[in-house]
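Report on the structure given below.
The values are calculated or read from the model by the stated rules, or taken from the named source; none is laboratory data. What you see is a predicted model, and the numbers here were worked out from it, not measured in a lab. Counting neighbours? That spans all protein chains shown, and the Cβs are built from the backbone with ideal geometry, glycine included. Surface accessibility is based on the protein's heavy atoms, side chains included, excluding ligands, DNA and RNA. Shrake-Rupley method; radii C 1.70, N 1.55, O 1.52, S 1.80 Å.
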Amino acid sequence: MMLAALDSMDWPGLARVATVLALGGGYNTSLVMIGVAVLGFASGIVGTFAVLRKRAMMSDTLSHATLPGIGLAFLAAVALGVEGRSLPVLLAGAGLAGIAGVGAVHVMSRHTRLPEDAAMGAVLSVFFGLGFVLLSYIQTLGTGAEGGIAKFIYGQTAAMSEADAIVIAIVASLVVASVVLLFKEFRLLCFDPDFATAQGWPVGRIDLALMGLVVIVTVIGLQAVGLILVIAMIVIPAAAARFWTEKLARMTIVAGLFGAGSGYVGAALSALMPRFPAGGVIVLVAGAVFLFSLVFAPRRGVLSGFVRHALLSLDIETQHVLRRAYEAGEAARAPGSVAEAVRAVEIDSLSITRSWSPPRRAVVLLSLAARGFVSRRGGEVRLTSDGLDEARRVTRNHRLWEAFLISHADLTPSHVHRSADLVEHVLDPDLVSRLEDELRRGGKLPLTNEPMASAHPC
Amino acid sequence: MILPDHPAAPRTPIASRPEHSAQSPMSVHSLTVAYGSKPVLWDVEYETPASSLVAIVGPNGAGKSTLLKAVLGLIPVAAGGAVFWGKPLADVRRRVGYVPQRGSVDWDFPVSALEVVTMGRYGMLGWLRPVTRRHVEAARAALDQVGMADFADRQISQLSGGQQQRVFLARALAQEADLYFMDEPFAGVDAATEAAIVDVLRTLRTAGRTVVVVHHDLSTVEDYFDHVMLLNGRIIAAGPIAETFNARNLQRTYGGRLTLLDAVSQALSDVAGQK
């Protein structure tokens, strides 16, 4: 049934989509797309700082709190005999109510023991509820304006006039210019407000400037995206951008571009499918960008994290195998040298490999074989001479770390990955040679054929 | 060396408070701080000696960090306050540097070590002015001074705890202040960082600066500092180490916390034995 409903809809063809995206969808559509793109750019840039200042929920409270302002502005305008649907009047009301909502949260969390999130929840819902009551009341007046007001809830780009688009573009440009000018101040505020205060910066006023920009972006975004979803344009591009870079300036620009792209494509799609609310369509485009970033971003993404973790785990497992093989050879006390005994050890017979599931065992052995550390001879897996060297190195490193931890636990450098970091790279040479002496006295220092100095690359 | 010549002490003391020397980097008078209705600091009177390293020592919850935050204007005070070289803080902000606790910021913030240190220069720049090359170079020199020059471009989450602490220290150095407040700079750092911080403290003292450090390790107080303030809600004792840092005052500061006290007296007798 659902599918039938989807089928009966009038889906635009690919050619039509391409035409609209290339600004060939008519003057008004193109204008709206550019207007929303500029809006998206500004909200992405402001959103970067709102997100880093941990003001995402505050911004959401702000946007929901605009609704009663729109209703009240309409009623006030009608009472004063002004055209109630006039955009500047409604947006002014929206802005004032948003500021009142944020102010209410601020007062509550500052002067009571109420946690800030509870204050935001209370303000958001009470203001929004009041807004709905006002809208219902306005409907009973029968002025025929309720449709004009409802568009602020879900967003309706089609209702955007040329003049509106130009105003949005101008205001958004001013917002971007403000962020560029205040970049240094915002960075300081978001990273370390206490330090900023100690240095004499009026942190409260910088915070106010940032919230003010959020208010402006919210208000000019109401018409395009709607007040329920305008928060998405502030938070999502910034959150997505964070996945791609560790630099604030770059993150700001990337967030702006993500916002602009989402706005541009979203406005085009919403023009092609006027039956869907513009806000939803634009936010879904932004959401797709976010999802892609979350999964595929090279360093911070989920996929790269998963791969990194898998490789690390494989690395540790292979080192374990090599060390266990070395230890088994040492323990065998076969006639001849330790080296021969180690090379005689059957990797498959080690308890560590037997405890693994067959796929895991296959992967680890494959990885060892790929690096030339083991080879299969006569149906049994044994270390190669490279494997023997590596096993010696791994065992020596492991034992040095162990000796170090026993005697110098208080000095442990943080961030040391003990199996991967060679002792020599982290500890100073004197200490390493002392530790070696300790091991040698206990007969636990794996002997290597080459002199120790060559293991020291620096 | 990035520290400039020590500027002359301001000449105008506050006429209404003749008891507070204009020479003293910081004079605290009748400072009382309360969280809600619970007082944390009572009636603190203190005069910081010039060109010295001062340790603030006391048990958990003694109000050590609170004292720093209160004199720096980061938290509201119930009564009293502090003057710096005889002037209100607002007049001398740039001459006062602050190293907050490492845990006070989000280290996953998208910023490099050098950019954090450059923040120390923001006060000199003023509103809307972008960071210039001269200031970046000064920040680089400060990083070098704490042995972190090689990590300038690292994102700060990729630094170890000790390295992060040194970045904070470098940021304060870049500010080129005359009086520094450091909140637990030695907490949880590695030996190399501890040595680097001590080195910086001594360099600052030699250059005539004053550093007030919240410190938790009683065994190093005598090695690192000249003066000590023993704090537990109020000042128990304050003065030169030799006169003030003794078992009796520590007992009064730490009260009945016997295990700790035992450790302290042990440490003290060890030191006495060495001398």
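Is one or more of the residues making up region B:180-197 over 20 Å from B:Leu114 (Cα atoms), surrounded by fewer than 19 Cβ atoms within 10 Å (Cβ to Cβ) and touching a helix residue (DSSP H, G or I) at 6+ places or on another chain (Cβ under 6 Å)?
yes
Tell me, which helices (runs of 4 or more DSSP H) wholly within region A:1-120 include 2 or more residues that are among the hydroxyl-bearing types (Ser, Thr, Tyr)?
Of the helices (runs of 4 or more DSSP H) lying wholly inside region A:1-120, those with at least 2 residues that are among the hydroxyl-bearing types (Ser, Thr, Tyr) span A:27-52, A:56-79.
Please work out which one of (1) within 21 Å of B:Val189 (Cβ to Cβ); (2) within 8 Å of another protein chain (Cβ to nearest Cβ); (3) touching a strand residue (DSSP E or B) at 6+ places or on another chain (Cβ under 8 Å) is the condition B:Gln101 fails and give its number.
Evaluating B:Gln101 over (1) within 21 Å of B:Val189 (Cβ to Cβ); (2) within 8 Å of another protein chain (Cβ to nearest Cβ); (3) touching a strand residue (DSSP E or B) at 6+ places or on another chain (Cβ under 8 Å) leaves (2) as the failure.
Only one of these is touching a residue at least 24 places away in the same chain (Cβ under 8 Å), farther than 16 Å from A:Pro193 by Cα and surrounded by fewer than 21 Cβ atoms within 10 Å (Cβ to Cβ): B:Ala62, B:Ala78, B:Ala90. Name it.
B:Ala78
Name the residues in region A:397-407 that are within 19 Å of A:Leu368 (Cβ to Cβ) and open to solvent by 10 Å² or more (accessible area, probe 1.4 Å), would you?
If the condition is that a residue be within 19 Å of A:Leu368 (Cβ to Cβ) and open to solvent by 10 Å² or more (accessible area, probe 1.4 Å), then A:His398 is the only one that fits.
Within region A:272-316, can you find the residues that are within 30 Å of A:Asn28 (Cα to Cα) and open to solvent by less than 50 Å² (accessible area, probe 1.4 Å)?
A:Leu272, A:Met273, A:Ala278, A:Gly279, A:Gly280, A:Val281, A:Ile282, A:Val283, A:Val285, A:Ala286, A:Gly287, A:Val289
From B:Leu72, B:Leu68, B:Leu41, grab the single residue that is away from chain A (no Cβ under 14 Å) and open to solvent by less than 10 Å² (accessible area, probe 1.4 Å).
Matching residue, one of B:Leu72, B:Leu68, B:Leu41: B:Leu41.
Tell me which residues, restricted to region B:178-192, are more than 10 Å from chain A (Cβ to nearest Cβ) and either of a type in the set (S, T, N, Q) or touching a residue at least 60 places away in the same chain (Cβ under 8 Å) (or both).
B:Asp178, B:Leu179, B:Tyr180, B:Met182, B:Glu184, B:Pro185, B:Ala187
For A:Lys151, state whether it is among the basic types (Lys, Arg) and away from chain B (no Cβ under 14 Å).
yes
Hey, among B:Arg129, B:Arg140, B:Arg133, which residue is surrounded by fewer than 17 Cβ atoms within 10 Å (Cβ to Cβ), more than 26 Å from B:Ala70 (Cβ to Cβ) and more than 9 Å from chain A (Cβ to nearest Cβ)?
B:Arg133
If you take the residues in region A:175-217 that are on the phi < 0 side of the Ramachandran plot and outside any helix (DSSP H, G or I), which one is farthest from the other protein chains (Cβ to nearest Cβ)?
Per the criteria, the residue is A:Pro202.
Evaluate region A:161-173: report whether one residue or more is among the β-branched types (Val, Ile, Thr), crowded, with 20+ Cβ neighbours inside 10 Å and more than 14 Å from chain B (Cβ to nearest Cβ).
Yes, that holds for at least one residue.
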